[in-house]
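The values are calculated or read from the model by the stated rules, or taken from the named source; none is laboratory data. Here the structure is a predicted model, which means the values were calculated and not measured. Cβ: placed from backbone, ideal geometry, glycine included. Neighbour counts: every protein chain shown. Surface accessibility is based on the protein's heavy atoms, side chains included, excluding ligands, DNA and RNA. Shrake-Rupley method; radii C 1.70, N 1.55, O 1.52, S 1.80 Å.
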Amino acid sequence: MLACLQIENVAVIEKAEARFGPGLNVLTGETGAGKSILIDSINAILGNRASRDLVRTGAAKACIRASFEAVPASVRAQLEKAGYEASDELLLYREISAEGKSNCRINGMPATASVVREICGGLINIHGQHDSQSLTNPARHLALLDAYAQNRTEHKAYYEAYHELVLIKRQADALSMDEAEKQRRIEALRFELDEIESAGLNAGEEELLLSRRQVAAHAATILEQLATAHAAIGGGDDYSGAADLLGNAVGALERAAALDPGLMPASERLSELYYAARELSGEMAGRLEGYEFDPGELDAVEERLDLIYRLKQKYGGSVEDIIQTAQRAREELERIESSAEALAALNAQKRRLFGKAKQLAEQLTQTRLAAFEALNSQITQALAFLNMPGIRFTLQHSRGPLASAGQDTVEFYISANPGEAPKPLARVASGGELSRIMLAIKSALAEKDAIPTIIYDEIDTGVSGLAAGRIGETLRKTAQGHQVLCITHTAQIAALANNHLLIQKNVEGQRTYTEIHPLDTGGRIEALARIISGDHVTELSLANAREMLGLAAKGQAGAGG
């Protein structure tokens, strides 16, 4: 469960700490005090997307820390799999800079937001303010039904078969073409192959041709400069070259070294230069004798490069791409020419896989239909308790073509009054009714999953009076097996809390500050009185608040207010 949440420089919160306990934790406060900031902070600490807009104005970064106790075994297994230390306690850290950069840590070790999100998905389930409205979208109903059915094994088995079927169908479709289309494709592939193969391309050929073109285009200049360099080193009939001059220097230095042994190292280095110059002179002489200048070579190279350019325009950006195009064309041609036999084999495999997928889809369907019967019973009982007696829930179900989620199309229908035909939720339920229906569904789901903490953000929207008290009772019942955090504006719900936190906004020096205060009994009485009567707290509202807390302590519904 979530034990502690520490927030620094998040929106209007400069620094605050919220400690939560087991059971039902409620957070109350005026609208705009910053209750939603806590939800945003929890979302961020779980690795979900966080905007730099969360950073308090003027601050360099926002920091969020959360500690968890009694970490579920599934989350510990995920931690160990990812290479993190796993125990009953877990520490998460999230930092968001004013520039939008993010930094996450798990038990002090660096982590990416996606890794945090994957590992910590089993810690908290957040029901946001607008989740109830999602019930009006029939596309969400199948996911809710699957969550209750706990049919992951059946869904995985079906999806694997369906995915294999789709792959085989794609291969079969690729081979399934009429004879005229097949002939056109064969002719096109053969033309490509003939054109590319007749060119006789080799990998790396274009780079070699470009180098040859460079040499051929400047052959006369190269020959002239080479001759000049050879003459400068080797000399001529009527003048000495660098090698001859080095020879003279070598002789002079050797004679000097005979008289002064200290000159021997310099004499040896000079001798090396002399022999290197002679060797280089001989090498350049050989190059001059073998250098051939063919005026027609440049034309041949240009013609070859032009052919490669035209082929690149049609078949790829490089010679290697063109060669790969030819290989693919060759393989496709072979497949088409042998497609009749291959297609027969694929069709047989497709029929087998379709039968398997259809059977698994039906098994998945049965898990959903059975789950709805149980879910319907729980929801009906829960809604009757939530002051919606006589509600009748039905499932509009039809089987259709196989798809990634199976063969089922489902939609929840309700009849709010006896004698009325069931109609889609979107057309029948009000905002307050949607809140109670979603709470009934979430309560049923909570009994199925192992997520330790459930957060309800204003689940009481559009509800008051007896219905609000019943929502509180339902939350307290859910909190017997889970830690529940609930943001509420309703006194009946707040009175039932095991732990009550007040979120309060203050303005000092033209800056807004939000603080989080744990409330003792006296603080709770005053907070409940303010919810009941607003700014003008009266003795009657205080007495009403005391009565609500007393009834809640006795396990009775708070019906006051």
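Of all residues in the stretch 512-561, which are of a type in the set (Lys, Arg) and modelled with pLDDT of 85 or more?
524, 530, 546
Looking at 395, 375, 386, 445 in this structure, which one is in contact with a Ser or Thr (Cβ under 7 Å, 6 or more places away or on another chain) and open to solvent by less than 50 Å² (accessible area, probe 1.4 Å)?
It is 386.
In the stretch 518-545, which residue that is in contact (Cβ under 8 Å) with a residue 40 or more places away in the chain and under 13 Å from residue 502 (Cβ atoms) is surrounded by the most Cβ atoms within 10 Å (Cβ to Cβ)?
That would be 527.
I want to confirm something. Restricting to the stretch 278-289 and keeping residues that are surrounded by 13 or more Cβ atoms within 10 Å (Cβ to Cβ) and modelled with pLDDT of 85 or more, which single residue is nearest to residue 226 (Cα to Cα)?
Going through the qualifying residues, I end up with 280.
What's the total number of residues in the stretch 60-70 that are touching a residue at least 60 places away in the same chain (Cβ under 8 Å) and either outside any strand (DSSP E or B) or open to solvent by 70 Å² or more (accessible area, probe 1.4 Å) (or both)?
Qualifying residue count for the region: 3.
Quick check on residue 332: is it exposed (fewer than 12 other Cβ atoms within 10 Å of the Cβ), in contact with a helix residue (DSSP H, G or I) (Cβ under 9 Å, 6 or more places away or on another chain) and in contact (Cβ under 8 Å) with a residue 40 or more places away in the chain?
no
For the stretch 311-340, how many residues are in a helix (DSSP H, G or I), polar (S, T, N, Q) and modelled with pLDDT of 80 or more?
4
Criterion first (under 29 Å from residue 13 (Cβ atoms) and not in a strand (DSSP E or B)) does residue 526 satisfy it?
The answer is yes for residue 526.
Mind checking whether some residue in the stretch 117-127 is open to solvent by less than 70 Å² (accessible area, probe 1.4 Å), β-branched (Val, Ile, Thr) and in a strand (DSSP E or B)?
Yes, the conditions are met somewhere in the stretch 117-127.
Exactly one condition in (1) within 30 Å of residue 154 (Cβ to Cβ); (2) open to solvent by 20 Å² or more (accessible area, probe 1.4 Å) is not met by residue 453; state its number.
Of (1) within 30 Å of residue 154 (Cβ to Cβ); (2) open to solvent by 20 Å² or more (accessible area, probe 1.4 Å), only one is false for residue 453: (2).
Would you point out which residue out of 44, 77, 86 is buried (at least 18 other Cβ atoms within 10 Å of the Cβ), free of Cβ contacts under 8 Å to residues at least 60 places away in the same chain and out of contact with any strand residue (DSSP E or B) (no Cβ under 9 Å at 6 or more places or on another chain)?
Every option except 86 fails the conditions.
Within the set of pairs 6 or more residues apart or between chains, which connect a residue that is closer than 24 Å to residue 522 by Cβ inside the stretch 470-497 to a residue that is open to solvent by 20 Å² or more (accessible area, probe 1.4 Å) and of a type in the set (Lys, Arg) with Cβ atoms less than 7 Å apart?
Every condition considered, the pairs that remain are 496/476.
Select from the stretch 78-87 the residues that are closer than 9 Å to residue 119 by Cα and either touching a His at 6+ places or on another chain (Cβ under 6 Å) or not in a loop (DSSP other than H, G, I, E, B) (or both) and list them in ascending order.
If the condition is that a residue be closer than 9 Å to residue 119 by Cα and either touching a His at 6+ places or on another chain (Cβ under 6 Å) or not in a loop (DSSP other than H, G, I, E, B) (or both), then 78, 79 are the ones that fit.
I need the full set of residues from the stretch 50-59 which are in contact (Cβ under 8 Å) with a residue 40 or more places away in the chain and not in a helix (DSSP H, G or I), in order please.
Correct list: 50, 51, 55, 56, 59.
Here are the criteria: (1) under 30 Å from residue 55 (Cα atoms); (2) under 37 Å from the mean Cα position of the chain (by Cα). Tell me which single one residue 507 does not satisfy.
Condition not satisfied by residue 507: (2).
Looking at the stretch 218-249, which of the residues that are surrounded by fewer than 18 Cβ atoms within 10 Å (Cβ to Cβ) and β-branched (Val, Ile, Thr) is nearest to residue 273 (Cα to Cα)?
The qualifying residue nearest to residue 273 (Cα to Cα) is 228.
Output the residues belonging to the stretch 398-416 that are under 25 Å from residue 161 (Cβ atoms) and either surrounded by fewer than 16 Cβ atoms within 10 Å (Cβ to Cβ) or of a type in the set (D, E, K, R) (or both).
Residues satisfying the conditions are 398, 399, 400, 401, 403, 404, 408.
For residue 459, which of the numbered conditions (1) touching a His at 6+ places or on another chain (Cβ under 7 Å); (2) at pLDDT below 80; (3) open to solvent by 10 Å² or more (accessible area, probe 1.4 Å) fails to hold?
The single condition residue 459 does not satisfy is (3).
Report every pair of residues separated by at least 6 positions or lying on different chains whose Cβ atoms are under 6 Å apart, first residue within the stretch 196-224 and farther than 22 Å from residue 310 by Cα, second open to solvent by 80 Å² or more (accessible area, probe 1.4 Å).
219/293
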